[in-house]
Amino acid sequence: MSYIENSKQYTGTDLANTFFIPMLTGDSAKDLGIRVLYNMPVPTIVTTWTSKPGIMHKFASKGWVGGQSAEKKDLEIPMTRIKAENAYSAAEYFSMVYEKVAAITSMHMDDLSGTELEKAETELFRKTLQEEIRATMWLGDTTRASLNTFDGFLKPIFKGVGDKSIRSIEFPAVELSPSHPQDAMTQLLTQAPATLQHLRSEGHLAFFATSDLINLYETYLNGTGSSTSYLDLKEGIPQLTFRGIPVIDLKIGGYTLPSTLPKSFIILTDRRNLVLAVNTADLPGNEVRMWYNPDEMENRQRAVFMAGCGLLSKDLVMVAKTKA
């Protein structure tokens with residue numbers, strides 16, 4: 001046997017339970033580092049309420065004093081219909097799937113069941129699609145030649161930096177040293193508006209940084225001379241933090257960056273301010289399909305779904321970047 005010829009199709013609850021829920025919930029969602037909404041009604045609207053001060057009054061035996069009505073703010077997440085397709089030569093596909101099956105089950109090829117093959121094929125496509133969604137949610141731009149299915153977070157953030165609707169600071173115009181990332185994060189925290197600083201106690205603030213700054217910051221931590229830094233140098237640091245706030249690697253260095261982005265930058269915001277929405281339920285034709293094409297002797301994979309992302313508030317974003 002050198003080909004995988006059985007076709008597979010996921011729709012409805014099978015599409016959600018087998019394919020998208022494992023990709024967008026639990027540890028997978030945590031790895032994305034932002035807020036994920038799955039199968040919310042389309043159009044996907046995020047509503048926030050802000051209570052006005054002055055709701056406490058001296059007690060009276062009767063009557064209603066009341067206060068000002070809470071302020072409601074709605075943000076519609078723009079959703080785009082997406083078709084994701086991938087193809088492999090049959091021989092290469094068989095080798096990749098067999099390797100995953102062997103790693104998962106430790107079984108011989110003669111003992112393989114259709115279920116084990118299906119799990120391996122699903123995992124292969126799911127990981128590829130998850131990375132494409134992750135890259136697009138940061139770098140997406142509908143005007144580009146690639147990663148253009150929907151606009152990502154960085155497009156409105158740096159447009160806001162350009163028109164000064166988002167506060168920013170700049171790195172010095174010299175070669176960056178290991179101390180620059182922690183200096184920048186200190187400035188971001190101290191210069192952030194009070195509304196952003198006060199969210200720190202809720203545990204959702206995060207720094208999102210380019211990989212070069214992540215490496216410099218880790219070098220800085222390893223050079224502090226403490227016993228813990230020695231252990232970190234030997235074993236690595238599972239999750240970088242600064243003053244208890246996670247420092248997350250954007251992992252965008254392997255992609256072609258638009259000219260509007262600086263080479264290096266750090267973003268401080270609340271994770272809940274960055275919203276990724278994915279929907280597989282509201283439109284007919286949403287599916288994941290995997291099949292063998294005998295004419296081309298290749299295995300093909302296709303997913304049809306909706307996705308989009310949105311920045312809830314520019315007031316809750318701070319940026320440190322290298323000078324242009």
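The values are calculated or read from the model by the stated rules, or taken from the named source; none is laboratory data. These figures come from a predicted structure and were not determined experimentally. Positions of Cβ are backbone-derived with ideal geometry, glycine not excepted, and every protein chain shown enters the neighbour counts. Only protein heavy atoms, including side chains, enter the accessible area calculation; ligands, DNA and RNA are left aside. Shrake-Rupley method; radii C 1.70, N 1.55, O 1.52, S 1.80 Å.
Could you tell me whether residue 277 is over 24 Å from residue 216 (Cβ atoms), small (Gly, Ala, Ser) and open to solvent by 30 Å² or more (accessible area, probe 1.4 Å)? Full working, then the answer.
Working: over 24 Å from residue 216 (Cβ atoms): yes; small (Gly, Ala, Ser): yes; open to solvent by 30 Å² or more (accessible area, probe 1.4 Å): no.
In short, no.
Can you say whether residue 18 is farther than 22 Å from residue 138 by Cβ and in a strand (DSSP E or B), as far as the supplied structure shows? Write out each step before concluding.
On the way: farther than 22 Å from residue 138 by Cβ: yes; in a strand (DSSP E or B): no.
No; evaluated as a whole, the condition is false for this residue.
Filter the range 45-94 for residues that are touching a residue at least 60 places away in the same chain (Cβ under 8 Å) and surrounded by fewer than 10 Cβ atoms within 10 Å (Cβ to Cβ) and give the result. Talk me through it step by step, then tell me what you get.
Applying the first criterion (touching a residue at least 60 places away in the same chain (Cβ under 8 Å)) to the range 45-94 yields 46, 48, 75-91, 93-94.
None; the set is empty.
Pull up the range 4-27, narrow it to residues that are open to solvent by 30 Å² or more (accessible area, probe 1.4 Å) and among the small types (Gly, Ala, Ser), then point me to the one that is nearest to residue 286 (Cα to Cα).
Only one residue tops the list, namely 12.
Got a sec? Which of 65, 42 is at pLDDT 80 or above and among the β-branched types (Val, Ile, Thr)? Give the steps one after another, and end with the answer.
Details: 65 fails: at pLDDT 80 or above.
Within the list 65, 42, the selection yields 42.
Regarding residue 288, is this residue hydrophobic (A, V, I, L, M, F, W, C) and touching a helix residue (DSSP H, G or I) at 6+ places or on another chain (Cβ under 8 Å)? Can you show your working first?
Values: hydrophobic (A, V, I, L, M, F, W, C): yes; touching a helix residue (DSSP H, G or I) at 6+ places or on another chain (Cβ under 8 Å): yes.
Yes.
Collect the residues in the range 151-175 that are at negative phi, outside any helix (DSSP H, G or I) and surrounded by fewer than 17 Cβ atoms within 10 Å (Cβ to Cβ), keeping them in residue-number order.
Result: 163, 165, 169, 170, 172, 173, 174, 175.
Condition (residue is at pLDDT 80 or above and loosely packed, with under 14 Cβ neighbours inside 10 Å) applied to the range 110-117: is it met by at least one residue? Can you show your working first?
Going residue by residue through the range 110-117, those that are at pLDDT 80 or above are none.
For the range 110-117, residues at pLDDT 80 or above and loosely packed, with under 14 Cβ neighbours inside 10 Å: absent.
Condition test on residue 37, is it within 30 Å of residue 313 (Cα to Cα) and in contact (Cβ under 8 Å) with a residue 12 or more places away in the chain?
Values: within 30 Å of residue 313 (Cα to Cα): yes; in contact (Cβ under 8 Å) with a residue 12 or more places away in the chain: yes.
Against the criterion (within 30 Å of residue 313 (Cα to Cα) and in contact (Cβ under 8 Å) with a residue 12 or more places away in the chain), residue 37 qualifies.
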